[in-house]
Every structure is written in C-alpha cells, then in structure tokens.
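Each remark here refers to the structure printed beneath this line.
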Amino acid sequence: MINYQTISDIPFISKAEMIEVDRLMKEKFKISLTQMMENAGRNLSTLARDLFFNGNVYKKRILILAGHGANGGGALVSARHLINWGANVQVIISKNEEYFSEVPKIQLEILKQIGTDIYHFEDYKKNTKTDLIIEGLVGYSLNGNPKGTLKDIIEFANDLPVKKLSLDVPAGIDLSICKAMKPIFLADVVLTLALPKEGMQKEEIKKNIKQLYLTDISVPLSLYKLLPSKLSIKNIFSESEIIRVW
C-alpha cells in the first residue's frame, strides 16, 4: 500500500482554465483524450485499492457510476483495472449508449467485451450489496442542479451505507458558480485531476469533500505557463502519481 505524501501549497485552477488545459493537451501537445482518460482511470483504481482495501481488491464488490462524457470514461477505465485485479465490478451508466461520446464509448465497449455487468439505472437491482461506490457521473461540466436519472442515481448512492470515491469533482458541484447544488454526491474521498479546482476550498463545497487527492494525467509543466494565469508548477508528482491535498 502506498503512503501518499501531502502537499499543501498546490495552486487551484478555475473551470475555464481546466477546459483550456484539456484543449492544449490535445491540440498543442498532441496528448489524446484516450491517454488522459487511461491515466485518470488507472490512478483512480489504484487509490481505491490502496485506501479502501489495503492494497487488495480480490473479490471485493465495487459499483461504478458512469456518465456519458470524459468523467464517465475515466470511471470505466478504473472498472477495467479493478476487474483485472480480481474485484467483482458492476457498472451503472446514466444514459443510453448512443449518448456516449466517442472515447468513453470505446471504454464501455471494452467492458462489454470482457463480460462486465453493465446496467441502466432502472434495471439495476437496488438490493445488490457493494463494498465501495466509485462515481464518475459528471466531473466539472455540471451546470445547475442534477435532474432526472442523474439526480436519481445520486440519491440512490447517497442512501447506501458504504464508502464513496469521486473522480475529479463530485456530481452535484457546479464549478461555473462554485456552489454545491442539490443533490450532491456525498464522497468520502475525491481524486481530482491535474490540479485542484477553484471552489473546492469554499466551505459549502469543502465540507462535502472529506479527503482530497490529486493525480497526474501527464500534463506537461510548460503547458501551465500558457494559461492566462501563467502558472509556474513544481514537480509535484516527483514521488508519486497520487498526492494528498487534505
């Protein structure tokens, strides 16, 4: 099990600048969404294994909540790694397959090929037991209160008395206005990507993030200097791909 270091002087980044990071990664540095998604999902599964299962997920029951965008794709990647490590993984997708964007749809197809149990929310057996929930429903793209199936999935998960892990930003946080909406996924741990997001330090949001970790998705340090804020970032991942913020 990895003993993750804690770093306190990490800069936080706005939603607009994180969108710009994603654009520059793909357009200027030619680092594909597939590469970023693989890094995020692999590190998410590693954190889940280390924090909640003492380094061994064999026969552990893990429920993955996956949206149709990049955040969901990262969660689906984590499902594949956890399955390979011996976990009993089930997946709930928040939308029909035709709504999935290109790269997350590929991740969904991979899971189907290896025989993963994949459900629409209305078909999932609500009494199925689980040891951990991993949430990748929305990420930083939420605008307004969760509605419809997304709202139903969040409320269902919150009612389950198990540990919960979110990828990047817990579903229900609107980073455009830096507010906790209703409902919000009640994560015990959040693994955010590249840099922590502005708004996470606000009390109304921070109280819903008990532990915050940060992971490397291979953003070149020189990229941050191209942002409007011209960030100068240290080698924060020199000891581990995952570090603790609080």
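The values are calculated or read from the model by the stated rules, or taken from the named source; none is laboratory data. Remember, it's a predicted structure, so these values are computed and weren't measured experimentally. We place every Cβ from the backbone using ideal geometry, glycine too, and count neighbours over all the protein chains shown.
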Which residues, taken from the stretch 144-187, are under 13 Å from the mean Cα position of the chain (by Cα) and among the charged types (D, E, K, R)?
K164, D168
Residue ID - surrounded by the fewest Cβ atoms within 10 Å (Cβ to Cβ), chosen from residues in the stretch 7-23 that are acidic (D, E), more than 16 Å from the chain's Cα centre (by Cα) and farther than 16 Å from L212 by Cα
E20
Out of I64, I93, I134, I106, sole residue that is more than 20 Å from V162 (Cα to Cα) and among the aliphatic types (A, V, I, L, M):
I106
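Taking the residues in the stretch 205-215 that are assigned to a loop (DSSP other than H, G, I, E, B) and surrounded by 17 or more Cβ atoms within 10 Å (Cβ to Cβ) as candidates, determine which candidate is farthest from the chain's Cα centre (by Cα). Reasoning before the result, please.
Going through the stretch 205-215, the residues assigned to a loop (DSSP other than H, G, I, E, B) turn out to be 207-210.
Still in the list and also surrounded by 17 or more Cβ atoms within 10 Å (Cβ to Cβ): 208-209.
On the way: N208: 15, I209: 13 Å.
The residue in question is N208.
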When residues of the stretch 122-174 are filtered for being surrounded by 13 or more Cβ atoms within 10 Å (Cβ to Cβ), among the charged types (D, E, K, R) and outside any helix (DSSP H, G or I), how many remain?
6
Only one of (1) in a helix (DSSP H, G or I); (2) without any contact (Cβ under 8 Å) to a residue 60 or more places away in the chain does not apply to V91, and that is (1)
Going by what's in this entry, would K230 be described as of a type outside the set (S, T, N, Q), on the phi > 0 side of the Ramachandran plot and part of a loop (DSSP other than H, G, I, E, B)?
yes
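Listed here are the residues, each with its yes/no results for (1) over 19 Å from the mean Cα position of the chain (by Cα); (2) of a type in the set (A, V, I, L, M, F, W, C).
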{"residue": "Q5", "(1), (2)": "yes, no"}
{"residue": "M25", "(1), (2)": "no, yes"}
{"residue": "M36", "(1), (2)": "no, yes"}
{"residue": "A40", "(1), (2)": "no, yes"}
{"residue": "S45", "(1), (2)": "no, no"}
{"residue": "D50", "(1), (2)": "no, no"}
When you go through (1) part of a loop (DSSP other than H, G, I, E, B); (2) crowded, with 23+ Cβ neighbours inside 10 Å one by one for L191, which number turns out not to apply?
(1)
I'd like to verify a number: residues in the stretch 20-39 that are free of Cβ contacts under 8 Å to residues at least 12 places away in the same chain and not in a loop (DSSP other than H, G, I, E, B), how many?
3
Inter-residue pairs, beta-carbon under 6 Å, first at pLDDT 95 or above and of a type in the set (S, T, Y) and in the stretch 48-75, second in a helix (DSSP H, G or I) and surrounded by fewer than 21 Cβ atoms within 10 Å (Cβ to Cβ), 6+ apart
none
I'd like to check something: does the stretch 94-107 contain any residue that is surrounded by 14 or more Cβ atoms within 10 Å (Cβ to Cβ), small (G, A, S) and under 28 Å from N127 (Cα atoms)?
yes
Which residues, taken from the stretch 25-37, are closer than 16 Å to S101 by Cβ and either basic (K, R) or touching a helix residue (DSSP H, G or I) at 6+ places or on another chain (Cβ under 6 Å) (or both)?
K26, L33, T34, M37
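Results for (1) of a type in the set (F, W, Y); (2) over 29 Å from C178 (Cα atoms); (3) part of a loop (DSSP other than H, G, I, E, B), shown as yes or no for each residue.
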position	(1), (2), (3)
S8	no, no, yes
P11	no, no, yes
A16	no, no, no
N43	no, no, no
A48	no, no, no
N56	no, yes, yes
